[in-house]
1. Taking the options B:Arg136, B:Arg125, B:Arg197, name whichever one is away from chain A (no Cβ under 14 Å) and closer than 24 Å to B:Phe44 by Cβ.
2. Test A:Leu145 against the criterion of being away from chain B (no Cβ under 14 Å) and buried (at least 16 other Cβ atoms within 10 Å of the Cβ), and give yes or no.
3. Being more than 8 Å from every other protein chain (Cβ to nearest Cβ), touching a residue at least 60 places away in the same chain (Cβ under 8 Å) and part of a helix (DSSP H, G or I) is the requirement here; does A:Leu115 meet it?
4. Taking the residues in segment A:122-142 that are within 7 Å of another protein chain (Cβ to nearest Cβ) and assigned to a helix (DSSP H, G or I) as candidates, determine which candidate is nearest to B:Gly120 (Cα to Cα).
5. Scan segment B:56-78 for residues that are over 24 Å from B:Tyr244 (Cα atoms) and either touching a Ser or Thr at 6+ places or on another chain (Cβ under 9 Å) or buried (at least 21 other Cβ atoms within 10 Å of the Cβ) (or both) and report the count.
6. Looking at A:Ala37, A:Ala49, can you tell me which residue is in contact with a His (Cβ under 6 Å, 6 or more places away or on another chain) and modelled with pLDDT of 95 or more?
7. Consider B:Ala174 against the criteria (1) at pLDDT 95 or above; (2) within 16 Å of the chain's Cα centre (by Cα): it satisfies all of them except one. Which criterion is unmet?
Amino acid sequence: MADAFGLALQLVFSGDPNLHEIVLLSLRVSLTATVLACLIGLPVGALVAIARFPGRNVVLIVMNALMGLPPVVVGLLVYLHLSRSGPLGFLGLLYTPTAMIIAQTILIAPIVAALSRQVLEDLHSEYAEQFRSLCLTKLQTVQALLWDARYSLLTVGLAGFGRAVAEVGAVIIVGGNIDHLTRVMTTAIALETSKGDLALALALGIILLVIALGVNAAVQSVRMTAARQAYV
Amino acid sequence: MSDALTSLAPAVAPRAQSAAILPLAVRDLELRFGESVVLNGVSFDLSATGCTMVMGPNGSGKSLLLKLLHGLMQPSAGQICWGDHAASHATARQALVFQKPVLLRRSVAANIDFVLKARGKDAGRRDALLDHVGLRHKAPQPARLLSGGEAQRLALARALATDPEVLFLDEPTASLDPASVLAIEAIVGEARDRGVRVIFVTHDTGQARRLADDVLFLQRGRIAEHTRAADFFPAPQSQAARDYLDGRIVV
């Protein structure tokens, strides 16, 4: 255990190219998925936050339930669509980083939508009467809410990124864990552990933890600055 | 701020003259929440100019009346006619300043910019509006760190940025210090003098005496009296208003 830990630290600090490649691909896939999920989830969350329509409660229940989507199920669904015999098989995306991005986007967009809906609905309850007095359109209302909640929404984006970068089920099904092509930190950890190469697995685990800590620290710092300015 | 008041012209656009939403006629207004009747049989007329102070004890329906007039709520029964317009069609030509100002989580300047942009107004008026309410030096600061009086002046500047023909104020000076109260009153008085129709809810009798052209006195969801200010303060017609002005407990 101690030896493995020592080797892991050595790998991290030696600038191992294989390790770098895996880390960079992980970040590229998960950050892209987070951005796409925010582009989809934030407007959906905002619209549901301000709209009142029949069946809204059902929509809320579905949105909240989708937050718990099992990654393997998402992976399987995306696999079925992208496989050679699937409806999108002609795109040839299976076992590519793009397929992994699609799967993670589907996985975390509901998280972004549901969490942002709660944040924006709370803010809207404060602003609603003033906005109606100003005769703002729905679009103007959504834009204003998204901007004024920007620091709280950072946390929402972070939750989505955390879920994406840490999941293994979806990316291993649609990515295939192919060396130098679709191998990311979580799939590599799973593989190396099963092979008994604990040093590489531990090294990746340490990096994953450091990334999680670093991103959380950065967001917390931004939120504290915003709080001092009374922008939260 | 007084200097700024004299240079108001660039800050506040001239009054619109077409398709007037004044005078106001209210007939048999009723507002119910379930079995509870909070406004009942409210009828009155307001002229096209001046400042009407809406007074009455807590729970008499003053704030709800303001929201109905502004089109933020729908009455259970009765009619509100702004000229030929229903209340909901006149909202865009009015502005409401709430008792607790709702300021955006942005800078002072950005709060004004937001309204000017949203309502298609000249963005170049921002500095003049801030000058007008004495807040230009606070322009880059976060709006939500302003003092109570400053926040209310910013809310007032934001309301004036929409060039309202009618300005509603719902106890805007409650819990403010005397200097802040006078600053707010100066801005409101200037707006009235410029032709903005002011409808102002207050509990402050001194404030009502300083600003009112007429007084609408409510009690238990009904109009106890609607009288010219010159008559109301020396000789109120209703017992409820007499008790209120004498400081006797009215519920």
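1. Details: B:Arg136 fails: closer than 24 Å to B:Phe44 by Cβ; B:Arg125 fails: closer than 24 Å to B:Phe44 by Cβ.
Unique residue meeting the criteria: B:Arg197.
2. On the way: away from chain B (no Cβ under 14 Å): no; buried (at least 16 other Cβ atoms within 10 Å of the Cβ): yes.
When the stated conditions are applied, A:Leu145 does not pass them.
3. Details: more than 8 Å from every other protein chain (Cβ to nearest Cβ): yes; touching a residue at least 60 places away in the same chain (Cβ under 8 Å): yes; part of a helix (DSSP H, G or I): yes.
So A:Leu115 fits the description; yes.
4. Narrowing segment A:122-142 to residues within 7 Å of another protein chain (Cβ to nearest Cβ): A:126-127, A:129-130, A:132-136, A:140.
Restricting the remaining residues to those that are assigned to a helix (DSSP H, G or I) gives A:126-127, A:129-130, A:132-133, A:140.
Values: A:Glu126: 24, A:Tyr127: 20, A:Glu129: 20, A:Gln130: 17, A:Arg132: 16, A:Ser133: 15, A:Gln140: 12 Å.
Ranking the qualifying residues of segment A:122-142, first place goes to A:Gln140.
5. Step one: filter segment B:56-78 for residues over 24 Å from B:Tyr244 (Cα atoms), giving B:68-78.
Then drop every residue that is not either touching a Ser or Thr at 6+ places or on another chain (Cβ under 9 Å) or buried (at least 21 other Cβ atoms within 10 Å of the Cβ) (or both), which leaves B:68-72, B:74, B:78.
Count: 7.
6. Values: A:Ala37 fails: in contact with a His (Cβ under 6 Å, 6 or more places away or on another chain).
It is A:Ala49.
7. The number of the failed condition is (1).
Per-residue answers, yes or no, for (1) at pLDDT 95 or above; (2) under 20 Å from the mean Cα position of the chain (by Cα); (3) within 18 Å of B:Glu190 (Cα to Cα); (4) outside any strand (DSSP E or B):
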| residue | (1), (2), (3), (4) |
| --- | --- |
| B:Ala4 | no, no, yes, yes |
| B:Leu8 | no, yes, yes, yes |
| B:Leu29 | yes, yes, no, no |
| B:Arg32 | yes, no, no, no |
| B:Val42 | yes, yes, no, no |
| B:Thr52 | yes, yes, yes, no |
| B:Ser63 | yes, yes, no, yes |
| B:Leu66 | yes, yes, no, yes |
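The values are calculated or read from the model by the stated rules, or taken from the named source; none is laboratory data. No experiment lies behind these values; they were computed from the predicted model shown. Glycine also receives a Cβ, built like all others from the backbone with ideal geometry; neighbour counts cover every protein chain displayed.
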